[in-house]
Amino acid sequence: MTAQPTSTPFHYIDGKLHCEGVALDRIAAEQGTPVYVYSRGELERAYKAFTGALAGIEHRVCFSVKANSNLGVLSVLAGLGAGADIVSYGELFRWLKAGGDPAKVVFSGVGKTDDEMGKALDAGIMIFNVESDEELDALSKVAVARGKRARVALRVNPDVDPQTHPYISTGLKQNKFGVSMHDAPAILRRAKALPALDIVGIDCHIGSQLTKTSPFTDAIARLVQLILDLRADGINITSIDVGGGLGIDYGKGDALPPSPAEYGDAVRAALAPLTALGVMLLCEPGRVIVGQAGALVASVVFRKTNEAKHFTIIDGAMNDLMRPALYGSFHPMWPVAGGTGAHGLISTRATITTDVVGPICETGDFLGRDRTLPELARGELLAIGAAGAYGAVMSSNYNTRPRAPEILVAGTNYTIVRKRETLEQLIANEVVAG
């Protein structure tokens, strides 16, 4: 079985896999499967580790809501003082419902509508990360119509290779995000003349699941020079947003990503030229806060063997956890029964090579291929780890499958922070044609 980092909240007690102090077989028996399980303790630990790594720098950690938008998760982070990075008004709506402070919100995304801009202005968000010339014009008009001023950071594209999956690379010149470094000064000079806009920041985000600090520091160095040039040109930039993207260990045996402490040291050094200028650091971590906190627990439905493969068919599917089908991604997997280890999560059972697949009518419906696992019996439970980020939040109702419930564990207790959907809820907004 694959080793996990020592921060995992999942561990065996008396041969049963637990999240903190709650046995996963108990949750499965009481709530059914598939089911997402999150550790509150790990959320708190990860957030404190990240913000603590930036101690000594004036900064604000704005959690990337797209990584996990569950109200229970957001409320924990809001309670710790986090801000939010949003990419839709829907995410702002969730943040506010969870008790989050709108004055700690950055609004990113290439396609904000006028309606979304207006609602965000009314809510009093901190800053808009603007991604195009046309968006500046639109935001100015919306702000004028509402009698408000919009604080603006221009997202620039530093053309830095994040060395990650191409679908989650966002800082290359062929990506849709931001404006070119070359065009940024002229765009900002024009923006200064637009009514109702306050130009205060420069923003970038180069990609997700980064496993080295060098792409971050390369991008920051380019932003720092741009800010120094802009300030010399009379454009007083007071914030630098370096995005998110710090990766986590998915247990594949690859080199470990930098720790938050290593990331913090690298960012601090790269920002050194701005130290005396009072420029605030904004960052938008997501996966590194919630990824290791969650697991998807599923039941084995059937096993089968053909000429080429052994298949373990579970009741979790690509609609529940899209990452393997979408990105070809690897997640650690552990039998809920028959393991040992507070960390490392070692199965004590004989293993086979199997494809872990779901019941959806697609060949792409797999959770893992050629995995070394115990030969699980029908009805046994399997936990799929590192699923707290881009798991439930990307789930769908494909094949008319209700989305799984989400559970938040704290010590020896748990709370249902999202109930399992019902079939009636799935069709509530539909009508039969007459």
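Overview of results
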item: Theoretical FRET efficiency, 1/(1+(r/R0)^6), r = Cβ-Cβ of D355 and D101, R0 56 Å, to 0.05; result: 0.80
item: Sparse-neighbour loop sites [GluC sites (Glu not before Pro); segment 9-75; at most 14 other C-beta within 10 Å; DSSP]; result: E58
item: The chain - mean residue ellipticity at 222 nm from DSSP helices (-39,500 (n - 2.57) per run, n ≥ 4, rounded to 500); result: -8000 deg cm²/dmol
item: Under the Debye formula (equal points on every Cα, no solvent term), log10 I(q)/I(0) of segment 246-285 at q = 0.24, 0.28, 0.29, 0.30 Å⁻¹; result: -0.86, -1.01, -1.05, -1.08
item: Difference of contour (0.36 nm per residue) and Cα-Cα distance, Y327 to K192; result: 44.5 nm
item: Where labels lie 7 Å past Cα in the beta-carbon direction, separation of T363 and E134 in nm; result: 3.9 nm
item: Mean separation of Cα contacts under 8 Å, 6 or more apart, over the residue count of segment 69-285: relative contact order %; result: 15 percent
item: Of the DSSP H helices in the chain, those whose Cα atoms cover at least 24 Å axially and whose Kyte score averages -1.0 or more; result: 214-232
item: Distance between modelled label sites at K419 and A308, nm, 7 Å Cα→Cβ extension; result: 4.4 nm
item: Computed label-point distance, nm, for sites D233 and E58 using a 7 Å Cα→Cβ extension; result: 2.3 nm
item: Hits among aspartates and glutamates - C-alpha to C-alpha of K66 under 19 Å, sequence gap 8 or more where chains match; result: E42, E44, D85, E91, D101, E116, E131, D203, D241, E284, D320, E406
item: Stokes-Einstein translational diffusion, segment 201-263 - Kirkwood Rh over all Cα pairs, 1.002 mPa s, 20 °C, in µm²/s; result: 164 µm²/s
item: Within the chain, percent of DSSP bridges classed antiparallel, to nearest 5; result: 50 percent
item: Fraction of antiparallel bridges per DSSP, segment 69-285 only, in percent to nearest 5; result: 5 percent
item: Coil-residue trypsin sites (Lys or Arg not before Pro) of segment 292-339, DSSP, other Cβ within 10 Å capped at 15; result: K309
item: Net lengthening on full extension, E262/I13 (0.36 nm per residue, minus Cα-Cα); result: 86.4 nm
item: Pairs of Cα atoms farther than 29 Å apart, segment 69-285, %; result: 24 percent
item: FRET E, pair T275, D115, Förster distance 41 Å, beta-carbon r, rounded to 0.05; result: 0.55
item: For the chain, built as a Gaussian network whose Cα springs stay under 10 Å, the top-fluctuating residue of A193, A46, A23; result: A193
item: Relative pair counts by distance (%), Cα atoms of segment 292-403, 5 Å bins; result: 2, 12, 23, 26, 20, 11, 4, 1
item: Most mobile listed residue (A29, A103, A308) in the chain, GNM with C-alpha springs under 10 Å; result: A308
item: Where only C-alpha atoms are counted, convex hull volume of segment 39-144 per residue in Å³; result: 99 Å³
item: Highest-fluctuation residue, V144, V105, V35 considered, GNM on the chain with Cα pairs under 10 Å; result: V144
item: Near-label residues of segment 353-367 by backbone N, under 20 Å of a point 7 Å along Cα→Cβ of V301; result: 354-367
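A short reminder: the numbers here are calculations on the coordinates, not readings from a lab. Keep in mind that what you see is a predicted model, and the values were worked out from it rather than measured. Ideal geometry is used to build each Cβ from the backbone, glycine not excepted, and the neighbour counts take in all protein chains shown.
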